[in-house]
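Notes follow once the structure below has been shown.
Every number in this text was worked out from the coordinates using simple rules, so none of it is lab data. No experiment lies behind these values; they were computed from the predicted model shown. Backbone-built Cβ (ideal geometry, glycine too); neighbour counts: all protein chains shown.
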Amino acid sequence: MRHVAVIDIGKTNAKLVLVDMDRLAEVAVKTRPNTVVSAGPYPHYDIDGLWNFILDGLAALNREHPIDAISVTTHGATAALLDAKGDLVLPVLDYEHTGPDEIAQAYDAVRPPFEETGTPRLPVGLNLAAQIFWQANAFPADFGRAASIVMYPQYWTYRLSGVLANEVTSLGCHTDLWNPSARDFSSLVNMQGWRRLMAPARLASDRLGAIEPAIAMQTGIAIGTPVFCGIHDSNASLLPHLLSRKPPFAVVSTGTWVISMAIGAKPKPLDPARDTLINVNAFGDPVPSARFMGGREFATLTGSTEAAWDDEDIAAVLDAQILLLPSVQQGSGPYPDREMRWSAVEPSGSRRTVAASFYLAMMTATCLDLIGAEGPMIVEGPFARNTLFTRMLAATTGRPVIADADAATGTSIGAALLAVGDAPPLAGQGAAMENPGSAWSRYAAVWRAAVESS
């Protein structure tokens, strides 16, 4: 298992990554946008384009280093409905489509309580069961041909291996489909008659089978190369730390979504109205979590490129107490019903980047507070390279922040670890960042006070 190929499909971009397990490092990466197709019955993911990208990428990676195993990680809130032949009966729905909201009242009447599933009620298709419920009602003839429902990572592992499966991290991610304490499907699945459609639930690390011979021939990958079950992306980021760190600690997985997960947290009631939830980790255990759409918000605030900033910009934002108050993206996160506002004149350029980064740190700290997080915070993904974010996070929490600025997103590494069992990785090797000073702490206190008073 020297080289593991990881199919890593995020909401914004799709990647193919070759991970060297001896070095626990990404040694080759292929990327493409994860585009949404507007034609057809509803907006959906470009499955054919992604599949061609996967096949071409696997062939290219295998030419660089022979691939010893394949693993998959994807974003959540997505499933595939398959017929008896394994073909899609409906396109794979984009979870931001508003279709499920059309019958929200009917869905609310049947969904399980938060106490059973740990799932808050979310808009559009962010509750996966709401998507399936809408598809069943809006397209009854097509839905009637469904023989299997599989989570999104397992759709790709099925196409690679021919083995149908589901997996607990995707089932347990704000879907309404899973009961974390019972480690079984929720009452909704039984009431709607969907249990017969659900492929068997497996662990992320289960070896499903070998790559299909035809795909092996097409890509040059050796016949018999194993395909592993796959994992939800934020749980892929969490896995290396579960294998190598002692609780309490928290992992902040960043990308389109910023997802905070508390391990060994102090018991604290979760508030579903503030987008707290129970995730299920790779071992099937419940994990208190909270989230907001931080990557999307940062892109909205700063555009396609961040303006270069310097110490003078930091001092100006701190001294003038230029605050961005929630929320840039409504409908989810700890302040889902608030509209963003600036406490002073709206900044531009480099100072806007500074203030936006501070806002993201304060929102993340709020999420961590809501789930009772304790101990050091490990930041994974793109925000690990944003020192404005990590320094303000340390300032407002008073706890160390660990971020390896040279590391790429942790999802690919975590997914690759599924192929090597319980081998402990070198997780969280970045230097611990402490509180950067009183000016930062004062800013954080003012931000909190402004939010509480509004």
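I'd like the distance between the alpha-carbon centres of the stretch 136-193 and the stretch 202-248, rounded to an integer number of Å.
Rounded to whole Å, the Cα centres lie 19 Å apart.
Taking percent of Cα pairs over 43 Å apart as the quantity of interest, determine which of [x] 41; [y] 11; [z] 6 was computed from the displayed structure.
Read-out taken from this structure: [y].
What is the spin-label model distance, in nm, from residue 266 to residue 344 if the labels are put 7 Å beyond Cα along the C-beta direction?
For residue 266 paired with residue 344, the spin-label model returns 3.4 nm.
Mean residue ellipticity at 222 nm from the helices of the chain, using -39,500 (n - 2.57) per DSSP H segment of n ≥ 4 over the full residue count, to the nearest 500 deg cm²/dmol?
-10000 deg cm²/dmol
Let's test the formula: R0 of 22 Å, r as the Cβ-Cβ distance of residue 101 and residue 273. What FRET efficiency results, to the nearest 0.05?
The calculated FRET efficiency here is 0.80.
Using +1 at the Cβ of each Lys and Arg and -1 at the Cβ of each Asp and Glu in the stretch 143-276, identify which of 251, 263, 160 lies farthest towards the dipole's positive end.
263
Quick one: what are the phi-derived ³J(HN,Hα) couplings along the stretch 104-119, Karplus 6.51/-1.76/1.60 with θ = phi - 60°, whole Hz, x for glycine and proline?
With the stated coefficients, the stretch 104-119 comes to 4, 5, 5, 5, 4, 6, 10, 6, x, x, 4, 4, 7, 9, x, 10 Hz.
Evaluate E = 1/(1 + (r/R0)^6) for residue 244 and residue 369, where r is the Cβ-Cβ distance and R0 equals 25 Å; express this FRET efficiency to the nearest 0.05.
Efficiency, from the Cβ-Cβ distance: 0.50.
Dipole magnitude of the chain about its Cα centre, charges +1 at Lys/Arg Cβ and -1 at Asp/Glu Cβ only, in debye to the nearest 20?
In total the dipole reaches around 520 debye.
State which helices in the chain qualify, where a helix is a whole DSSP H run, it must extend 27 Å or more along its own axis by its Cα atoms, and its mean Kyte-Doolittle hydropathy must be at least -1.0.
349-370
Over the alpha-carbon set of the stretch 3-229, work out the extent along each principal axis and list the three values in angstrom, largest first.
53, 40, 30
Residues in the stretch 8-52, backbone N under 20 Å from the label point at residue 329 (7 Å along the Cα-to-beta-carbon vector): list them, ranges by number please.
8-15, 32-38, 43-46
Output ³J(HN,Hα) for the stretch 80-87: one whole-Hz value per residue in order, computed from phi by the Karplus curve 6.51 cos²θ - 1.76 cosθ + 1.60 with θ = phi - 60°, and x for Gly and Pro.
My calculation for the stretch 80-87 gives 10, 9, 10, 8, 5, 8, x, 8 Hz in order.
For the stretch 235-453, what is the charge dipole size about the Cα centre, in debye to the nearest 20, if Lys and Arg each add +1 at the Cβ and Asp and Glu each add -1 at the Cβ?
Roughly 380 debye for the stretch 235-453.
So if I take the centroid of the Cα atoms in the stretch 1-19 and the same for the stretch 84-101, what is the distance between those two points in Å?
About 23 Å separates the Cα centre of the stretch 1-19 from the one of the stretch 84-101.
For residue 271, which sequence-distant residues (separation of 5 or more, or a different chain) have an amide H within less than 5 Å of its own amide H, given hydrogens modelled in the peptide plane?
Counting only residues 5 or more places away or on other chains, the set is 276.
Which one, 92, 298, 370, is farthest towards the positive end of the dipole of the chain when Lys and Arg carry +1 and Asp and Glu -1 on their Cβ?
370
Which listed residue (31, 70, 118) has the Cα farthest towards the positive end of the charge dipole for the chain, taking +1 on Lys and Arg C-beta and -1 on Asp and Glu C-beta about the Cα centre?
118
Taking the Cα centre as origin and putting +1 on Lys and Arg beta-carbons and -1 on Asp and Glu beta-carbons, what dipole magnitude results for the stretch 251-326, to the nearest 20 debye?
It comes to approximately 640 debye.
Please tell me the relative contact order of the stretch 235-453 in percent, rounded to the nearest whole number, where contacts are Cα pairs under 8 Å and at least six residues apart.
26
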